[in-house]
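The values are calculated or read from the model by the stated rules, or taken from the named source; none is laboratory data. Small disclaimer: the values here were computed from a predicted structure and weren't measured. Note that each Cβ is placed from the backbone with ideal geometry, even for glycine, and that neighbours are counted across all protein chains shown. When the accessible area is computed, the model is the full protein with side chains, heavy atoms only, and any ligands, DNA or RNA have been set aside. Shrake-Rupley method; radii C 1.70, N 1.55, O 1.52, S 1.80 Å.
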Amino acid sequence: MFGLANPTKFMRFSGILLPYLIITTLGLFGWGLYMVFTAPEDYLQGPLSRILYVHAPSAYLAQAAYVFMALANFTGYIWRHPLADMAAKNAAPIGATFALLTIITGMLWGKPAWGTWWVWDARLTSVFILFIMYLGYIAIWQVIEDQVKAARVATIVAAVGLINIPIIKFSVEWWNTLHQPASLTTSGSAIHPSMLTALLIMFAAFTFLFTSLLFISIRTEINRRRARAMEMRILQQNIAQTNLSTRAAINNQEPD
Amino acid sequence: MKPLLALFKRDISLFFRSGGGAGQAIGFYLVVVILFPFGVGPELNLLARISIGVLWVVLLLAILLSAERIFADDLEDGSLTLLLTAGPLPEMVILVKLLAHWVSIALPLLVITPLLGLLLNLPAGGLWPLVLCMFIGSLGLCALATIGASILVSIRRANQIISLLILPLYIPTLIFGVSATTDLTFQLDQPYTALLILTAISLISLIIAPFAAAQALKANA
């Protein structure tokens with residue numbers, strides 16, 4: 001894992017891995033969606049219950065991405081691992097997107113099922129807060145220009161957020177609860193096996209989607225940094241040459 | 001201990017001697033509280049129902065919007081570097097600055113809460129629970145604001161981003177602050193549960209804040 005701290009090694013490794021990741025993601029989505037549309041409908045909600053297969057995996061990823069982001073930040077903070085910082089930075093917008101997707105699919109589901117787009121229920125509220133925390137975290141990377149400094153500050157933001165997530169979740173639940181309790185627990189499942197298989201495949205597909213997007217996004221950032229470094233070098237050479245020729249011109253004009 | 005005490009006095013006098021002093025904080029509360037009846041209508045029952053929540057939100061906003069001041073001036077004239085490197089532990093310095101900010105911003109509100117309560121038709125017997133819960137809750141709010149201020153210390157006009165950053169962290173205090181006040185006011189069964197949790201949240205924030213802020217200031221230096 002630490003060998004990958006070297007961007008060149010990472011580029012080579014991820015370049016080989018990425019096509020397989022994308023193929024796996026597409027394959028899992030194809031299989032998962034097939035299962036979703038052949039799985040039985042909920043007898044109460046009809047086709048509406050199929051939103052579950054997008055809603056639940058996005059909700060899981062929105063939370064998992066935050067934990068991943070914080071862990072990557074810690075790795076970067078403790079071992080000065082620049083790629084870990086980049087992983088954290090690039091995981092944030094992806095996680096924020098999944099949080100937003102959770103909210104949007106939830107609203108689309110809530111309107112017909114509960115009769116309202118939005119209620120200030122515990123789980124809805126905590127996903128909304130998670131989304132705001134993502135925005136705050138992304139803002140840190142945006143406003144602090146020095147990327148090394150931004151990484152260190154972002155770690156503190158992620159750490160404080162990580163400590164607070166359980167507290168926020170607990171207090172919001174104390175405050176108001178309407179959403180159904182978690183259906184998948186370690187002791188068993190309240191979902192029928194026919195639907196569960198499709199759901200689990202979708203969970204896997206979303207996880208692979210996250211990994212692929214993260215890889216693409218880190219690779220893009222490394223390429224962008226390299227391009228900027230090259231531009232700077234060319235610019236410096238140009239300036240140096242201009243200086244030389246100006247000086248030469250001035251020297252030539254000088255009468256002796 | 002002596003330098004810390006001197007710093008505490010310095011911060012408070014700097015706050016009160018610059019730009020209107022305590023009047024500034026009190027003015028903010030008055031404006032917001034006066035705006036509410038115009039916004040939701042003058043019906044006394046409605047005002048009584050929302051008064052506890054409104055006063056809590058005003059306290060929260062005042063602390064949030066003034067957070068930038070905790071470190072900004074000291075950074076500008078260079079005294080922050082001196083404070084953090086000279087003598088006392090940086091964590092202690094931050095704790096003292098935090099408490100000074102609390103005295104400057106939150107204490108004036110606690111003092112004029114009786115008046116604001118009258119304006120908003122606060123339920124009878126609600127005054128002392130409100131002041132008590134705000135006293136405890138505002139310490140935690142100031143602690144979290146200090147974290148936000150330290151993270152964005154080198155950014156100009158950081159107020160909007162501080163709000164975005166700290167707002168999620170304020171929600172537990174707001175929830176338990178309001179429910180503790182309501183439980184104590186109406187003497188519901190087990191009226192102290194929410195108060196104890198509120199105290200716990202404030203204490204946790206007070207412990208975390210100096211360390212997180214010290215790290216953030218170090219990273220920003």
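Of note:
- Qualifying residue in the range B:147-161 (condition: more than 10 Å from every other protein chain (Cβ to nearest Cβ), in contact with a Pro (Cβ under 7 Å, 6 or more places away or on another chain) and either acidic (Asp, Glu) or over 22 Å from A:Tyr77 (Cβ atoms) (or both)): no
- Scan of the range A:108-121 for residues that are surrounded by fewer than 18 Cβ atoms within 10 Å (Cβ to Cβ) and assigned to a helix (DSSP H, G or I), ordered by number: A:Leu108, A:Lys111, A:Pro112, A:Ala113, A:Trp114
- Any hit, the range B:80-103, residues being more than 21 Å from B:Gly117 (Cβ to Cβ), of a type outside the set (Val, Ile, Thr), open to solvent by less than 50 Å² (accessible area, probe 1.4 Å) and free of Cβ contacts under 8 Å to residues at least 12 places away in the same chain: no
- Of all residues in the range B:114-133, those being hydrophobic (A, V, I, L, M, F, W, C), in a helix (DSSP H, G or I) and surrounded by fewer than 21 Cβ atoms within 10 Å (Cβ to Cβ) number 7.
- Qualifying residues in the range A:135-161 (those that are modelled with pLDDT of 90 or more and more than 10 Å from chain B (Cβ to nearest Cβ)) - the one most open to solvent (accessible area, probe 1.4 Å): A:Trp141
- Unique match (being in contact with a Ser or Thr (Cβ under 7 Å, 6 or more places away or on another chain) and not in a loop (DSSP other than H, G, I, E, B)) among A:Thr125, A:Thr105: A:Thr105
- Residues of the range B:171-197 classified as more than 10 Å from chain A (Cβ to nearest Cβ), crowded, with 24+ Cβ neighbours inside 10 Å and either within 15 Å of the chain's Cα centre (by Cα) or not in a helix (DSSP H, G or I) (or both), total: 1
- Restricting attention to the range B:198-221, the residues that are within 8 Å of another protein chain (Cβ to nearest Cβ) and not in a helix (DSSP H, G or I) total 0.
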